[in-house]
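Written below as structure tokens is the structure these notes are about.
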Ligand SMILES: *Cc1c(COP(=O)(O)O)cnc(C)c1O
């Protein structure tokens, strides 16, 4: 099955009892055990729920893994994955992972004795140089947020496998539609399903998928023991969202191409950051490991132009955090998602005041282009007050 068909017919796409083509929402918290001490398929809904299981199977298939696990949020999925490890274990972490992941690492996991070294995972020698006797895994995102930097998953897997490390990829930005890290040598993939997988900005959820039977067994144990499972209603909603991922992504991609074309030609835009651009630093690697380059675009206004004035002038594109929804969402990292990072550190990391991150939605292309154009035009009036 090809991916667009798999999105519709994957997982458990029919209820075995009634033939319902939409997996029913099984709200039951417990299940009748017909024999004492048997080994029933369903016994208690934290351990296993048929609606959640359908979603988990679908995600395992899409990521080409052996088992999937659904959690109450992306953060809960990431926490569950780190919970596979023990006090004294050391991780190499990409320098631009999601802010909430850094918070989890620094404020929670370190208190339990897990150790972390942050590196630029584009640099294989930096990864190798950070390996210690107690290193167990490398954890990263590609493309990153908000600079869309690309790391070579296959090369990282090759270098780290020689040292017995596991590779864990947060695949939220790319989605399995565009990138399947397990096929490139990664061991675990995590998702904030709140973003593209759900796709409609109406559900919070997380997914973990692994290609390793041993990890799958331990992850099932962790999921059941910690218990941050996704409920049946949200499991159903997420599965419904995933069914249209292909249809949505095709429009996301087409709109993105048109928007990039506009931004690249506009003299008020200094730089467009997108892995699909042939002169972008990570382009060759992205081309090798991604089927398409996604719908996250960042760009810098010319120095001194006001990002604040620009985003506040937009009429359709919505000023908001989050990403991956059907609606175009725009944000200014220096003030919003990365606002808690001291300015000098931020600038040293390449996040200028003029940097803007756009999650391209599926509205009519012309409306998005007109909206961006009129907001750029506003920059020429009123003195271009700096942020
Ligand atoms: C949003 C996000 C998360 C956290 O997911 P939640 O569902 O909000 O808990 C993790 N990683 C990335 C890349 C994200 O964008």
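Values computed for the structure shown
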| item | result |
| --- | --- |
| Reciprocal of mean inverse Cα separation for the chain (Kirkwood radius, Å) | 21.8 Å |
| DSSP-defined beta bridges in the chain - what % are antiparallel, rounded to 5 | 55 percent |
| Whole-Å distance, taken between Cα centres, linking region 106-125 and region 1-71 | 34 Å |
| Per-residue Cβ neighbour rank within 10 angstrom, fewest leading, 28, 359 | 28, 359 |
| Inter-part distance where region 235-276 and region 185-227 are each reduced to a Cα centre, Å | 24 Å |
| Angle between the chain longest axis and helix 213-226 axis [Cα atoms, degrees, rounded to 10] | 90 degrees |
| Alpha carbon convex hull of region 245-378, volume per residue in cubic angstrom | 110 Å³ |
| Using a Förster distance of 22 Å, the FRET efficiency for residue 347-residue 257 (Cβ separation, nearest 0.05) | 0.15 |
| Potential lengthening between residue 125 and residue 22 on full extension [0.36 nm per residue; Cα-Cα distance subtracted] | 32.2 nm |
| The chain - percent relative contact order, Cα under 8 Å, separation 6 or more | 16 percent |
| Dimensions in Å of region 1-94 - Rg and Dmax from alpha carbons | 16.7, 51 |
| Rounded tilt (10° steps) of 232-243 against the dominant C-alpha axis of the chain | 60 degrees |
| Rounded to 5, the percent of DSSP beta bridges in region 24-139 classed as antiparallel | 10 percent |
| Kirkwood-based shape ratio for region 71-173, expressed as Rg/Rh from alpha carbons | 0.93 |
| Helix 365-378 axis, angle to the chain major axis (alpha carbon atoms, nearest 10°) | 40 degrees |
| Hypothetical label at residue 226: residues of region 99-117 whose amide nitrogen lies under 15 Å (7 Å Cα-Cβ projection) | 100-115 |
| R0 of 35 Å, Cβ-Cβ distance residue 47-residue 247: FRET efficiency to nearest 0.05 | 0.55 |
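Bear in mind that the values in this text are calculations on the coordinates, not laboratory data. Every value quoted in this text rests on a predicted model; they were computed, and no experiment measured them. Note that each Cβ is placed from the backbone with ideal geometry, even for glycine, and that neighbours are counted across all protein chains shown.
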